Amino acid sequence: VAVAIGAAPLGMDAEQLVAGALDAVDGGCFTAVERAWVGVRERRACELWVAKEAIGKLAGLGLVGMERVRVPLNGDTGCGARPWPATDADGRACLLWWLDVPGAGAAAVATYDQVAAAPVVKPFAFS
């Protein structure tokens, strides 16, 4: 579990990398170009899923319109302070950060604030 804190509204998702991550590829959430980029790489499927879901949460749409959410597909994502440009299901520009959340196979946070600093992420473990 993690919490993201920022100066503007945020959407966040984190998922464990598990067998079956490729199921999302055939679930209508990814475009043909995205399916080709994912190929048989479960990590890429997981990374693309969390990016799209973080943007969907930001937009208040959840999983609705995930096939219209656009995120960069230039190699493996990696974590870091640099935001990536993306668009939500309605074509609205947003920024996306890849996160390092312990225990997650992939994690991302999105915001519409185009000048936002990287959000602060606090991971929590519950027992």
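Structure values in brief
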| quantity | calculated |
| --- | --- |
| Relative contact order (%) - criterion: Cα under 8 Å, at least six apart; region: the range 1-60 | 50 |
| Whole-Hz couplings from phi, Karplus 6.51/-1.76/1.60, listed for the range 40-57; x for Gly and Pro | 10, 8, 4, 4, 4, 4, 5, 5, 5, 4, 5, 4, 5, 5, 4, 5, x, 5 |
| Cβ-Cβ FRET estimate between residue 114 and residue 35, R0 fixed at 30 Å, reported to 0.05 | 0.55 |
| Förster radius 22 Å - calculated FRET efficiency between residue 87 and residue 23 (Cβ-Cβ, nearest 0.05) | 0.35 |
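No value in this document is a laboratory result; all are computed from the given coordinates. Fair warning: this is a prediction, and the values are worked out from it, not measured in the lab. A quick note on method: Cβ atoms are made from the backbone with ideal geometry, for glycine too, and the neighbour counts reach across all protein chains shown.
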